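Following: one structure in structure tokens, then a few remarks.
The values are calculated or read from the model by the stated rules, or taken from the named source; none is laboratory data. Every value quoted in this text rests on a predicted model; they were computed, and no experiment measured them. Ideal geometry is used to build each Cβ from the backbone, glycine not excepted, and the neighbour counts take in all protein chains shown.
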Amino acid sequence: MLLMRSLVFPLLARVLTGTVAADFSFIANVLTNIPFLLIGLFGLRLTAPAPGRRDSSLADPLVAFMLSLILVGIGSIFYHLSPSPDRLFWDRLPIAICLAAFACAAANVCRESGIGSTLLPYALVVAGSSVVYWYVTWLRGHEDLRFYAAVQIVAAGIGVIVAFRRPDRFAGAGELRVAMFFYLSARILELFQQRIFDRVGTDLAHPLKHLLVAFAAWKIVRALSPAGNRARLQGTFAADLRR
């Protein structure tokens, strides 16, 4: 019932009043979050350890990453249905958690150990705290996004380091480089969002940013998940899914 009241009812209200048809940015900003839901759900399948192996030390941050991707889609849809600072909190919180989980999964690959799994609980607390801090500063009238931005910068930095540090020993390095390129492109696009809106009269940059980040998330899934690595080395992704 809470899901119906928070997500479905606002959408139905716009449809019934006819405003949804004229609001391109609303439609685009909602629909472009669906890939996060699909990638997160599909990615949970790819985090399964290889037959006869125990990859739990690698899988734990990846499971958190996949679950948080699903929450990113839900949180962003929840926010865009009726934008407000209160709803923005639930949009940014899953994003911060997702970035922390990614950083820990990448650390596992970089160090070839379970260090990322060990740090995961602490990273999630830090990431969540960055959003809480932003929200508290907003309530006090002096919004401060520096902590939240630092979480994003650190996570992106770890991703870049892992992608370029040991490409010869990391089968997914190429795909991770592509992922980081698209993620950083989305962040650069965000800087020009208002300028693009002023030029074209509608919000094209934000839904495009969603799609760029979603594609980056998919490449991260392919790069870091054990199942994704097995499929790539065998030359076919479909063959792995049929097993």
Any residue that is free of Cβ contacts under 8 Å to residues at least 12 places away in the same chain and among the basic types (Lys, Arg) - is there at least one of those in the range 172-189?
no
Just to be sure I understand the filter: pairs with C-beta atoms under 8 Å, separated by 6 or more residues or on different chains, first member in the range 90-111 and in contact (Cβ under 8 Å) with a residue 12 or more places away in the chain, second member crowded, with 24+ Cβ neighbours inside 10 Å and among the aromatic types (Phe, Trp, Tyr). Which pairs pass?
98/65; 101/65; 102/65; 105/65
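If we scan the range 14-24, do we find a residue that is at pLDDT 90 or above, surrounded by 17 or more Cβ atoms within 10 Å (Cβ to Cβ), in a helix (DSSP H, G or I) and basic (Lys, Arg)?
Taking every residue of the range 14-24 in turn, none turns out to be at pLDDT 90 or above, surrounded by 17 or more Cβ atoms within 10 Å (Cβ to Cβ), in a helix (DSSP H, G or I) and basic (Lys, Arg).
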How many residues of the range 50-102 are aromatic (Phe, Trp, Tyr) and either under 9 Å from the mean Cα position of the chain (by Cα) or at pLDDT below 90 (or both)? The answer is 2
I'd like the residue in the range 148-173 that is at pLDDT below 90 and in contact with a Lys or Arg (Cβ under 9 Å, 6 or more places away or on another chain) and, out of all such residues, is nearest to residue 223 (Cα to Cα).
172
